[in-house]
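Written below as structure tokens is the structure these notes are about.
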Amino acid sequence: MLTSSRTCTVARRLSRTSRKYHDESFGFRKPREFSLPDYSPAQLENRAANAPLLRYVDALRTDGHRAARIDPLDLLQREHVPDLDPARYGLSDNAHAYDISGILWAGESEAEAHWTLAEITAHLRGVYVGRIAYEYMHAPERTERVWFSKMLEARQGEVDKEERKRRAMRIYELLVKSETLDQFLQAKFPNLKRYGLEGGESMITALDALFAVSAQAGVQHISLGMPHRGRLNLLTTLLAFPPAALFHKIKGNSELPPPFSLSASGDVLSHLTASPTLAYEHALKVSLLPNPSHLEAVNPVALGKTRAKQYSLLKTSPADCRLGDRAMCVQMHGDASFAGQGVVMEGLGLSNLPHFTSGGSVHIVVNIGYTTPASSARSSLYCSDIGKMINAPVLHVNGDYPEDVARAVEIAFKYRQHFRKDIIVDLLVYRRWGHNELDEPAFTQPLMYQKIRSRKSVPTLYEEKLISDGILTSTAAESTRSAHKAHLESELARAPTYEPPTRGFEGQWAGIVWPASEDAVRAPITGVERTVLQDVGRASVTVPKDFEIHSRLQRHVKHRLQAIEKGAGLDWATAEAMAFGSLLLEGCDIRISGQDVGRGTFSQRHAMFVDQKTESVIVPLNAELKDAGTATGRLELANSSLSEMAVLGFEYGVSWERPNILPIWEAQFGDFFNGAQVIIDTFISSAETKWLKQSGIVLLLPHGLDGAGPEHSSSRIERMLQLTNDPLVPTDGNVNMHVVFPTTPAQYFHLLRRQIKRNYRKPLIVAGPKGLLRLPAASSSLSDLEGSTLFQPVLADPLSSTSTAARVILVSGKLYYDLVTERAAQGLADRVALVRIEELAPFPFHALLSVLRSYSGATEVVWVQEEPRNQGAYGHVAPRIGWVLRELEASLGRNIPLRYCGRAEDAVPAPGTGRVYRDQQKMVVKGAFE
């Protein structure tokens with residue numbers, strides 16, 4: 001069995017191996033090191049001589065939190081902790097002086113190096129068994145444990161009185177602002193669900209302290225993900241959100257400016273957002289991200305946005321810039337959701353991974369309690385225990401003491417800055433009301449709410465303390481409260497005439513337009529010069545002389561080079577590589593994530609090669625194109641953890657930050673997207689309508705029935721189509737997301753390039769191939785990719801005669817090639833035309849009508865799909881094809897029926913029995929020609 005030190009050594013070696021590729025490829029620097037001098041011989045001798053004392057000290061460091069006074073309601077069961085009794089270690093003489101050298105970190109001189117047991121106990125209990133409790137001794141790295149011990153045990157110097165007064169008055173003003181807002185809203189809008197912060201006002205103190213210390217350290221950007229609790233308080237106290245805008249929304253008006261207020265839906269009050277630049281010691285941009293009611297879903301989005309911001313900064317940063325120096329992610333959580341939502345674990349799992357780390361997040365858990373008691377909500381002592389999966393330190397702090405809250409957050413930030421790792425602040429507070437202000441929490445927690453309703457508020461308690469300390473007078477306190485209330489009254493009076501500010505594009509988004517505008521370019525030319533395609537294709541499989549690839553990849557390289565030489569036979573992966581390489585040459589960065597994306601789930605991509613002797617990695621497109629120009633982009637192949645929801649959320653966050661990046665998430669099989677359904681439902685499909693947020697995210701979902709069974713066949717196209725707002729009749733084509741089912745490598749090539757070449761951004765859902773990846777019939781030629789070519793939403797039959805076809809079969813995806821084979825076998829090429837609908841949403845009404853008009857002699861139209869009738873695209877396309885046929889019937893003067901051919905309704909996407917699959921597939925293919 002490995003010892004703990006051996007385990008750590010292995011972990012470090014594996015971590016270095018991973019980071020090597022990451023660092024060298026994308027310019028990220030290592031975090032600052034915290035150097036530890038070795039113990040001197042005298043200190044080592046002292047530690048050995050005073051081993052009982054050392055064990056006692058470590059017990060306080062390890063278990064002090066179990067006795068700490070961190071619960072403002074004093075409801076936590078704080079049992080006697082035997083490990084904290086010095087007698088347990090044979091220590092009983094309180095007057096005996098011990099040499100603390102090498103044991104404690106509080107002494108700075110020889111005179112301070114000898115403490116009595118009583119002094120040691122008093123000092124350490126003051127540190128570890130107070131209103132802040134620390135869990136850090138589980139960290140496997142000694143450097144981190146010692147860093148904390150030194151940080152916490154060093155005696156605090158006296159704070160300048162004026163500085164202490166300034167800080168205290170800042171805290172007091174924020175607490176009062178928060179409380180005044182809640183009381184004002186309760187008086188003016190008593191039936192409003194505001195998810196206020198009464199009882200948890202220290203959250204504002206925590207964030208203000210974090211913003212201040214971050215700005216002081218040079219952080220310029222914070223991406224903040226948080227749920228609804230206290231959101232309105234944060235917006236109006238710290239984030240410069242006008243209360244008039246809040247009241248304007250409460251009164252039923254849109255938070256969006258014209259003309260969006262007429263076309264976009266907006267979102268509920270507790271999802272409002274802001275991105276102000278705040279004036280601390282240095283300017284600090286704080287982006288409070290829009291979020292859905294899935295409480296933790298926004299956090300991986302915030303991580304991805306932070307990472308993308310850091311990448312942009314690092315591209316223009318000095319050589320010594322480190323990951324996280326100027327952009328940081330802050331994640332707010334509720335105690336119940338932090339312990340209960342799986343995306344929290346997935347997000348924590350990304351925190352230290354190459355291609356996903358963002359230099360450490362500061363997590364603040366607003367531990368406010370839930371209507372379900374903790375004993376029924378989690379299986380752990382603390383809600384924060386999930387963080388120990390990545391050995392994150394935890395600071396528990398009593399929210400009744402705002403100054404301690406500020407100190408805890410400042411320590412957390414310093415740890416993050418030193419080690420570039422995640423850290424958790426567990427802020428224990430309470431809610432004066434229930435889940436919302438109209439709820440009655442005493443139904444289920446009567447004893448808790450007896451305590452809550454008999455106690456003074458946090459701002460009142462702090463006010464009394466400041467008056468007692470002579471920092472504040474009663475008159476000044478009343479004046480502060482009156483001034484805030486008067487301000488809210490004036491803002492309420494301004495609400496009827498308030499107009500939301502216009503939304504424009506700036507910074508990296510300059511040049512992007514709204515998709516519904518007249519300036520939107522919907523079908524840009526995406527072809528590329530032949531010589532560029534050839535150069536990029538060759539570069540994608542160029543191997544250095546001293547680099548040994550796997551022997552089976554030699555055929556992959558040879559096949560691609562032959563296809564490029566012939567100008568024909570380009571398979572799916574080659575077309576993809578050409579799309580990537582051409583975009584890189586145009587200055588676009590590309591990021592593709594998912595499991596095994598470097599090689600591709602079906603071993604088709606091989607965009608990265610691994611040396612068979614050294615395991616070093618190269619990305620040929622990066623290696624070969626890096627000197628092509630100063631604006632050359634980079635291809636980042638982010639082989640991810642086995643996560644769907646967090647990884648897709650991360651990539652979506654990347655797309656929010658940078659329009660000039662092509663962010664792609666590839667599922668191993670299309671079916672697996674359902675693990676990320678929350679991100680698709682609440683962000684990808686709806687963000688533009690709710691929040692006016694554009695995204696160019698691409699989802700590659702391998703799709704197609706091939707006998708692989710229920711969970712390896714379907715990307716549930718029907719679900720994706722149902723999520724679109726694609727109209728039943730032709731309109732301006734501004735659909736919330738595009739769903740495509742391409743059948744050729746060239747079409748895929750143009751789709752990828754279209755994502756960047758359009759002057760707006762839309763999510764793209766690609767029902768990708770499995771069986772077509774290497775199918776010779778599905779190959780493309782260079783002529784399909786060059787010059788003035790572009791994506792075609794409808795492909796006419798290249799083989800059938802338009803004058804003799806009596807039947808037109810409409811189809812999407814790989815089934816087209818099965819139908820071609822069957823038609824040839826039956827000798828029906830002149831009688832049956834096969835028309836491919838490549839873009840399902842927005843539905844190509846006019847393109848399809850134009851193609852069908854060329855088959856003027858056809859008497860029927862058949863929709864053929866291999867999915868069951870209640871699945872696949874049929875439910876979406878049938879009424880829209882109906883519109884096209886009605887237009888066609890009007891011009892031809894005769895009825896043209898639409899017939900369905902495919903599997904019957906089913907509860908599963910595909911059968912798990914091979915014989916059943918083959919019989920059904922034969923029935924579908926042959927039925928199309930009956």
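Every number in this text was worked out from the coordinates using simple rules, so none of it is lab data. For clarity, every value in this text was computed on a predicted model and none was experimentally measured. Because the Cβ atoms are built from the backbone with ideal geometry, glycine has one as well, and the counts that use them run over all protein chains shown.
Once you keep just the Cα pairs under 8 angstrom separated by 6 or more residues, what percentage relative contact order results for the range 39-130?
Working: 91 pairs, mean separation 32.9, N = 92.
Reported as a whole number, the value is 36 percent.
Please list, in chain and number order, the residues 5+ apart from Ile222 or on another chain whose amide H is under 5 Å from its amide H, with Hs placed from the backbone.
Lys285, Val286, Ser287, Met328
Could you list which residues have their amide H under 5 Å from that of Asn660, counting only those 5 or more apart in sequence or on another chain, with H placed in the peptide plane?
Distant-sequence amide H within range of Asn660: zero hits.
Divide, for the range 794-927, the radius of gyration over alpha carbons by 2.2 N^0.38 Å, where N is the residue count. Please list the in-between numbers first.
On the way: Rg = 14.8 Å, N = 134, 2.2 N^0.38 = 14.1 Å.
Dividing the Cα radius of gyration by 2.2 N^0.38 Å gives 1.04.
If packing is taken as the mean number of other Cβ atoms within 10 Å per residue, what is the order of 189-197, 711-719, highest first?
Values: 189-197: 17.7, 711-719: 22.0.
Top of the packing list down: 711-719, 189-197.
Helix 402-419 versus the longest principal axis of the chain: what angle, 0 to 90°, nearest 10, using Cα atoms?
It is inclined by approximately 60 degrees.
Which one, Gln445, Trp691, Val409, is farthest towards the positive end of the dipole of the chain when Lys and Arg carry +1 and Asp and Glu -1 on their Cβ?
Checked the options; the winner is Trp691.
As a check on your grasp of the helix formula, calculate [θ] at 222 nm for the chain: sum -39500 (n - 2.57) over DSSP H runs of n ≥ 4, divide by the residue count, round to the nearest 500. All intermediate terms of the calculation are to be shown ahead of the outcome.
Values: 30 runs with 361 residues, N = 930.
When only DSSP H runs of four or more count, the value is -12000 deg cm²/dmol.
Just add up the charged neighbours of Asp596: K/R +1, D/E -1, any other residue whose Cβ is under 10 Å from the Cβ of Asp596. Before the final figure, lay out the partial values.
Values: positive: Arg599, Arg605; negative: Glu666.
My count for the surroundings of Asp596 gives +1.
With a Förster radius of 56 Å, plug the Cβ-Cβ distance of Gln826 and Glu529 into 1/(1 + (r/R0)^6) and report the FRET value to the nearest 0.05. Please report the intermediate quantities before stating the final value.
On the way: r = 42 Å, r/R0 = 0.75.
The value I calculate is 0.85.
On a 18 Å Cα-Cα criterion, which of the cross-link pairs Lys285/Lys305; Lys451/Lys485; Lys177/Lys485; Lys814/Lys926; Lys309/Lys693; Lys388/Lys421 come out too long?
On the way: Lys285/Lys305 13 Å; Lys451/Lys485 28 Å; Lys177/Lys485 9 Å; Lys814/Lys926 16 Å; Lys309/Lys693 16 Å; Lys388/Lys421 12 Å.
Distance filter (> 18 Å) returns Lys451/Lys485.
Between rounded, prolate and oblate, where does the range 860-930 land on the alpha carbon gyration tensor, with a ≥ b ≥ c its root eigenvalues, rounded for a/c under 1.5, else prolate if a/b exceeds b/c?
On the way: a/c = 4.95, a/b = 2.14, b/c = 2.32.
Note, shape of the range 860-930 comes out oblate.
If you line up the long axis of helix 202-216 against the longest principal axis of the chain, both from Cα atoms, how many degrees apart are they, to the nearest 10?
80
Taking Cα atoms, how many degrees apart are the long axis of helix 874-892 and the longest axis of the chain, rounded to 10 and kept between 0 and 90?
It is inclined by approximately 40 degrees.
Please list 146-159, 739-752 highest first by mean number of surrounding beta-carbon atoms within 10 Å per residue.
Details: 146-159: 14.3, 739-752: 25.2.
So the peptides 146-159, 739-752, ranked by packing, come out 739-752, 146-159.
How high is the FRET efficiency from Lys451 to Glu711, r the C-beta distance, R0 51 Å, rounded to 0.05? Don't skip to the answer; put the middle values down first.
On the way: r = 50 Å, r/R0 = 0.98.
E(calc), rounded to 0.05, equals 0.55.
Once phi is turned into ³J(HN,Hα) by the Karplus curve 6.51 cos²θ - 1.76 cosθ + 1.60 with θ = phi - 60°, what whole-Hz value does each residue of the range 377-393 show in order, with x for glycine and proline?
With coefficients 6.51, -1.76 and 1.60, one gets 9, 7, 9, 10, 5, 10, 5, 7, 4, 4, x, 6, 5, 10, 6, 5, x Hz.
Charges only on Cβ, +1 for Lys and Arg, -1 for Asp and Glu: so what's the dipole of the chain about the Cα centre, in debye to the nearest 20?
Values: 105 positive and 104 negative charges, 277 e Å.
Roughly 1340 debye for the chain.
Residue by residue through the range 79-92, what is 3J(HN,Hα) from phi via Karplus (6.51 cos²θ - 1.76 cosθ + 1.60, θ = phi - 60°)? Round to whole Hz and write x for glycine and proline.
6, 4, 10, x, 5, 8, 8, x, 4, 4, 10, x, 9, 9
Given an 8 Å cut-off on Cα distances and at least 6 residues of separation, report the relative contact order of the range 794-927 as a percent. Walk me through the numbers on the way to the answer.
Numbers: 207 pairs, mean separation 37.0, N = 134.
The normalised contact order for the range 794-927 reaches 28 percent.
At a Förster distance of 60 Å, what's the computed FRET efficiency of Asp681 paired with Lys161, Cβ-Cβ distance as r, to 0.05? Before the final figure, lay out each step's value.
On the way: r = 54 Å, r/R0 = 0.91.
Here the calculated transfer efficiency is 0.65.
Normalized C-alpha radius of gyration of the range 611-700, against 2.2 N^0.38 Å? If you can, show how the numbers build up before the last one.
Values: Rg = 15.9 Å, N = 90, 2.2 N^0.38 = 12.2 Å.
Taking the Cα Rg and dividing by 2.2 N^0.38 Å, one obtains 1.31.
Which distance in Å, rounded to a whole number, links the C-alpha centroids of the range 426-492 and the range 664-728?
Centre-to-centre distance over Cα atoms comes out at 45 Å.
What percentages make up the Cα-Cα pair-distance distribution of the range 184-285 when the bins are 5 Å wide from 0?
The distribution over the range 184-285 is 2, 11, 20, 22, 17, 14, 8, 4, 1, given as percents.
Using the Karplus curve 6.51 cos²θ - 1.76 cosθ + 1.60 with θ = phi - 60°, work out ³J(HN,Hα) for each residue of the range 351-368 in order, rounded to whole Hz, and write x for Gly and Pro.
4, 10, 8, x, 6, 10, 5, 10, x, x, 10, 9, 9, 10, 8, 7, 7, 9
Subtracting the Cα-Cα distance from 0.36 nm times the residue separation, let me have the gained length for Thr731 to Gln186 in nm, one decimal. List each step's numbers first, then the result.
Working: separation 545, 0.36 × 545 = 196.20 nm, distance 4.47 nm.
Extra length available between Thr731 and Gln186 comes to 191.7 nm.
Filter the GluC sites (Glu not before Pro) in the range 485-530 down to the DSSP loop ones having no more than 14 other Cβ atoms within 10 Å, then list what survives.
Numbers: sites: Glu489, Glu491, Glu506, Glu518, Glu529; in loops: Glu506, Glu518, Glu529.
Sparse-neighbourhood loop GluC sites (Glu not before Pro): Glu506, Glu518, Glu529.
Treat each spin label as a single point 7 Å out from the Cα along the C-beta direction, and report the Leu799 to Asp611 distance in nm.
For the pair Leu799/Asp611, the computed spacing is 4.8 nm.
Starting from the Cα coordinates of the chain, work out the convex hull volume and express it per residue in Å³.
On the way: hull volume 188.2 nm³, N = 930.
Convex hull of Cα atoms, per residue: 202 Å³.
If every alpha-carbon in the range 737-781 counts as one equal scatterer, what log10 I(q)/I(0) does Debye give at q = 0.13, 0.25, 0.31, 0.33 1/Å?
-0.31, -0.91, -1.17, -1.25
Of the peptides 646-652, 631-637, how do they stack up when ordered by the mean number of other Cβ atoms within 10 Å, highest first? Please report the intermediate quantities before stating the final value.
Details: 646-652: 30.9, 631-637: 20.1.
For the peptides 646-652, 631-637, the packing ranking is 646-652, 631-637.
Rounded, prolate or oblate, given the Cα gyration tensor of the range 48-118, with a/c below 1.5 counting as rounded? Could you put the intermediate results ahead of the total?
On the way: a/c = 2.55, a/b = 1.85, b/c = 1.38.
Because a/c hits 1.5 or more and a/b exceeds b/c, the range 48-118 counts as prolate.
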